Structures are given as structure tokens and as C-alpha cells.
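The values are calculated or read from the model by the stated rules, or taken from the named source; none is laboratory data. A quick note: this is a predicted structure, and the numbers were derived from the prediction, not measured. So basically every Cβ, Gly included, is an ideal-geometry build from the backbone, and we count neighbours across all protein chains shown. Keep in mind that these areas ignore ligands, DNA and RNA; they rest on the heavy atoms of the full protein, side chains included. Shrake-Rupley method; radii C 1.70, N 1.55, O 1.52, S 1.80 Å.
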Amino acid sequence: MDYENQFRRHLESLHQEGRYRVFADLKRRCGAYPVADHFTETGTRDVTVWCSNDYLGMSQHPAVREAMHEAIDQVGAGSGGTRNISGTTHYHVELERELADLHNKEAALLFTSAYIANDATLSTLTRLIPGLQIFSDEKNHASMIEGIRHGGGPKHIFRHNDLEHLEELLQSVPLDAPKLIAFESVYSMDGHIAPIGTVCDLADKYNALTYLDEVHAVGLYGPRGGGIAELEGVMDRVDVINGTLAKGFGVMGGYIAASKACCDAIRSYAPGFIFTTSLAPAVAAGALASIRHLKRSVIERARHRERVQTLKSMLADVGVPVMDNKSHIVPVMVGDPVHCKAVTDTLLTHYGIYVQPINYPTVPRGTERMRLTPSPVHSDAQMAYLVDSLRELWAACPVANGQYVRLAAE
Ligand code: PLP
């Protein structure tokens, strides 16, 4: 077997499809976000970042940075072990308490990322509850899909946010069979919001647990940043809430919030929780400061909403196609991987605007897009420049007879 050739063959097929991923080499400027240095072979230049999930700019918030510096100075860099073997610091304990309080649950459990939290929790729930049948939205994130797959139990995929289909599937198994409905509050690529309360009605009717991924909502929605379930007053109806500390809260790590018994069982049985070094104490300290700040301060959320609405209406005014949704995600539809990459390459090299192209498997083929994420710290001038640049590009490469007129760069 020629192993190297095997790797090259797979990479070549990505190149041919136009979906080979190139990472932008960036160095964000603390205090000047969304401006960053972009490192290329020919030198370094300023770019404005328009696709970050640091939705509120909390990664650079003074309170967060201060807490992280202080923790490093007090206890050092690493946690020194798994949670069981010396890696539970006071920062972890306090953070779990804060998260339980944020979601008004009895307990919370930290993981090294929300990806791991989903994978570890869903797979372990399947092992802990014999015969558990999982009902999963077709657009659920890869981490939930993997968790369900690793659990190895029976699963049913319902059409995206389609409650009639969900009910049909729920009816197809015995009423007394254990069930779990897994879904997201804000779907990150389309920006759609799930009807959480109505899903919970179905869960009550068919005696199912509910598992809600609020990764793209925590910090951003609700009076204290508890997410869409908090905003809609249905947090108490959801059994397990999953969230990240990496996006709205601007640091890193993931968690679940649920009943005491549920968290304790996952803590005790989930390999993805047990057999890995815990988060660095400074990371926990930074997340704690971020959550505490966003529980009290509504300034960031209000400004974020305003920025999103402004950008959406500016793009509509110049005819750039944005997928309609009620959330903070601004998906600009392109619909072709090669064209999408050409547009984003041109934005980066000619306009100093950084937006990563989104392609398959993150979104279905033919729905390739740019996913813009305006934040409270994107200025009017930066927004006007982005919209002008996109208008110019759209004028230069219109869609004619369903075909894109290719850019010179393609
Ligand atoms: N869940 C959803 C819906 C996501 O989009 C993501 C990541 O983007 C995750 C979970 C994983 O979050 P994390 O970055 O904390 O691993």
C-alpha cells in the first residue's frame, strides 16, 4: 500500500470539488477586534474579521482578560490532571455552580468543548437508559450526530423543525419506550430558531426527555444570557441544556446543565468526561468572569441585535441574497463551492475582508454560503465598507440563467 498516495488521492478529490479548506493565518489585535493581522507568504496585512463566533467580542473584554491573568498568576497554566485525579480546581467548581444558576438547573458539568459535551452525553445517555430511542433534527450539529452514533441505539431523524414529522415518528414507537428528542435552539448555518415550547409539548405527550443544544444562543439571548429557552420562558421544560463557553462567552469549553442525578451519572460514566485533562484554570476563570458579566449587563446583547438588524437591512437594500431568519446569523447565499471560494478569496485579497466560505459537509451541496456574524464591536464604517464591497462583487458576477458568471480569480 502506498500510504502517501492514498492521502494525496483524497486531498485531490477535495481540490477538484472546490472544497479543499485553507485556514487563514490570523493574529487578532487585542482591543481592536474585529481587526486582525493576516499573515501570507508575501507579508502581513490588516483584515476585518466578519465570520467569528466570538459573537459579542467577549474574548477581549477587560474583565475576562483580567480574570485569566489573575488565575495564571495564582495557580499556573495547566490544571494538572483529569477531574478525578487532581484536576478539579476551585475555578471549575465555581463555574459549574454559575452555569447551573444560569440555566436554573440543579447542576452543571464542564467538558473541554461543547462538541465533547454533546458526543459524551448523548452516547452515555444511550448506554445508561436501556432501549432509549433518540429523535434527532436532521440539521443537528455533527457533535450530536456523532454522540447518537456512538451510543449505538435506535434513532429517528425528523425533518428540520418539522413538528408534524417529529410527532409521526414519536407515534411510531410504543408510548412506554424511553425516548429523547435532540435539537438545537439556533441552527448555526441557517440561523433558524427551533419552536422549543412546542417540542416540549410533544415531549410531555409522548413521555420523552428533551436535549437542547444552545451553543449559538448562550450569552446572546435571554435576560441573563441563558439562551433562547430563557428568552421564551421554557428553560424549566428542557431536561438537558448543552452550551459552549467559546462563542458568546468568548473563551473555550463546553457543558451540560441538567438535574443533579443526570449530571452525576454523566460525570460517573462518560469516558469523554472522565479520561481527559480538565480545562485550564485560567480558561475556567475567564469563562466565569464572562458569564457573570453577561448575566448582569444587557448592553452587549442590545448592541448585538442592533448591529445584526442594520447589516441585514443594508444587504437587502443592495440586493445581496441573505437567507431569512430571526437570529443573529447572516447567511449570504452563493450556492456553488468554487464560486463561493472565489468570492471570499477576492474579499480577502482585494478588500481586506475575511469571511470563510462555508461548504459541504457543513452545509448541503448547492447551498454554499458566506456566514456573516456582525458583533457589537463592528463599526458603521466597517459595515458600510463590507456592504459596498459585496455590492461591487455581486455586480461583477451576477447569476445569469441559474449560472454564475465567474470571477476572474476562478
Ligand atoms: N453544537 C453546535 C450546534 C455547534 O455549532 C458547535 C460548534 O460550532 C458545537 C456544538 C461545538 O462547540 P465547541 O466549539 O464548544 O466545541
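Here are the numbers:
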| read-out | value |
| --- | --- |
| Quarter of the Cα convex hull surface for the chain, i.e. its orientation-mean projected area (nm²) | 22.5 |
| Probe 1.4 Å, protein heavy atoms only - accessible area per residue of the stretch 13-131 in square angstrom | 51 |
| Listed residues ARG369, ARG296, ARG307, most fluctuating in the chain (Gaussian network, C-alpha, under 10 Å) | ARG296 |
| Angle in degrees between helix 90-102 and the longest Cα principal axis of the chain, rounded to the nearest 10 | 90 |
| By accessible area with a 1.4 Å probe, ligands and nucleic acids excluded, highest first: order of LYS155, LYS139, LYS341, LYS312 | LYS155, LYS139, LYS341, LYS312 |
| Sum of side-chain charges, PRO271 neighbourhood, beta-carbon under 11 Å (Lys, Arg +1; Asp, Glu -1) | 0 |
| Rounded to the nearest 10 Å², the accessible area of LYS205 at probe 1.4 Å | 120 |
| For the chain, size of Cβ-based charge dipole, Lys and Arg +1, Asp and Glu -1, in debye | 380 |
| Above-threshold pairs, the threshold being 29 Å between Cα atoms, out of LYS179/LYS312; LYS155/LYS260; LYS105/LYS155; LYS179/LYS295; LYS179/LYS260; LYS105/LYS312 | LYS179/LYS312; LYS179/LYS295; LYS105/LYS312 |
| Surface per residue (accessible, 1.4 Å probe) for the stretch 304-385, Å² | 39 |
| Between 0 and 90°, nearest 10: helix 3-17 axis offset from the chain longest Cα axis | 60 |
| Charge dipole of the chain about the Cα centre (unit charges at C-beta), most positive-ward option of GLY78, PHE135, VAL322 | GLY78 |
| Longest to shortest principal axis, alpha-carbon extents of the stretch 261-333, angstrom | 54, 29, 24 |
| Intensity falloff of the stretch 254-298 expressed as log10 I(q)/I(0), Debye formula with alpha-carbon point scatterers, at q = 0.17, 0.30 Å⁻¹ | -0.67, -1.02 |
| Cβ crowding within 10 Å averaged over residues, with 356-362, 223-229, 346-352, 239-245 ranked highest first | 239-245, 223-229, 356-362, 346-352 |
| Estimated dipole of the stretch 71-202 in Debye, rounded to 20 [Cβ of Lys and Arg +1, of Asp and Glu -1, Cα centre] | 480 |
| Share, in percent, of DSSP beta bridges within the chain that are antiparallel, nearest 5 | 60 |
| Prolate/oblate/rounded call for the stretch 1-92, Cα gyration tensor, a/c under 1.5 rounded | oblate |
| The stretch 329-401, accessible surface, carbon-and-sulfur percent (1.4 angstrom probe) | 58 |
| Degrees separating the helix 196-205 axis from the principal Cα axis of the chain, which is the longest one | 30 |
| Highest to lowest packing among 89-101, 9-21, scored as the average C-beta count within 10 Å | 89-101, 9-21 |
| Accessible-area order (highest first, 1.4 angstrom probe) of the listed residues TYR385, TYR354 | TYR385, TYR354 |
